[in-house]
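Read-outs throughout are calculated quantities, based only on the coordinates presented, and are distinct from any laboratory measurement. Keep in mind the model is a prediction, meaning the values are calculated, not measured. Here the Cβ is made from the backbone with ideal geometry for all residues, glycine too, and neighbour counts use every protein chain on show.
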Amino acid sequence: MGDNLQDCLGLVLRFSRELENGDVVFPTSTAVSARLLAALNDPDMHLQQAARIIQTEPLVATRIISLANSAMAAGARQLADVPSALLRVGLNAARVVALLVVTKQLLRAPALHSHKALAAELWQRSAYLAALCRVIAMRMTRVNPDEALYAGLAHNLGQFYLLSRAAEKPEMLEQSKLFAKLLYGYPAIITRPLLTKLQIPTRIIEAVTIQGRAAAIPPQNLYDVVALARLLTPQAGPGSEPAVADAAEFSEIEVIRDCIASAGEDLDGTLRMLHA
């Protein structure tokens, strides 16, 4: 057991060092979408430029048009082109879509076919956390809901990356329980350099990687939104116990629970969009 633990931890640290050195290794199916995501994160990006870039990646383009035509969008007229769709949903939503595509491509990497259960469990938890971020931001703060959703998706991207890279070493994934502990126990050392490489804004990186600081209730900023969503996210999606055992220490946590309970339609709608 000791040797297996050291081997798994060594693998995590190796990937972390590679990321710190700027060496990001994505599956072929993910590389194009990852470059698009990094481009969209440019703070000087404008809608016309973004539309041109998005049209080079059909999967992202299709999803943005679909989002613009969905029930979650305010407009009624059906759209069929990226510039019009982007004008309707905005750049923040486009970044969410690009990050969602990258995450799902990592999830569906061929190397993970024999480890679908672990990948599916991670995705269920990630989607629920991201949806909670959006609902908490929308109902209780002035934080942009799309930015909160983006942060929620970014929260576990390092774990998806680690899982896809670990598939290069099948003997590591065979130690499924041990690897799962490492997957959930050391996310920040992978997530921070990965998000930095993808040019995700510093405020989002800080919100999703800083842990241990108490969240304000009611939430005041993006960090509070992510921290509370993490606290209330079940280990494998709705129906299991919260990931954080000491939820009772938050004397006002029931305020957040009541808010989420009253926002069932918004939560379900966001989850449907993420799982589509």
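By the count of neighbouring beta-carbon atoms within 10 Å, fewest first, Ser33, Ser66, Ser16 end up ordered Ser66, Ser16, Ser33. Note on region 28-108: percent of Cα-Cα distances in each 5 Å bin, starting at 0 and stopping at the bin with the largest distance, equals 3, 17, 30, 24, 16, 8, 2, 0. Counting neighbouring Cβ atoms within 10 Å and putting the fewest first, the residues Glu57, Glu206 line up as Glu206, Glu57.
Arranged from fewest to most other beta-carbon atoms within 10 Å of their beta carbon, Arg77, Arg125, Arg14 become Arg77, Arg14, Arg125.
Other residues whose C-beta falls under 13 angstrom from the C-beta of Ala38 contribute a net charge of +1, scoring Lys and Arg +1 and Asp and Glu -1. Summary of the geometry: region 136-167 and region 1-72, compared by the centres of their Cα atoms, lie 13 Å apart.
Taking a sphere under 12 Å around the Cβ of Thr141 and counting the other residues whose Cβ falls inside, with K and R at +1 and D and E at -1, yields a net charge of +1. Evaluated at q = 0.09, 0.13 Å⁻¹, a Debye calculation over the C-alpha positions of region 1-140 (equal weights, vacuum) places log10 I(q)/I(0) at -0.37, -0.72. Sorting the segments 103-112, 196-205, 222-231, 256-265 by their mean number of nearby beta carbons within 10 angstrom, highest to lowest, gives 222-231, 103-112, 196-205, 256-265.
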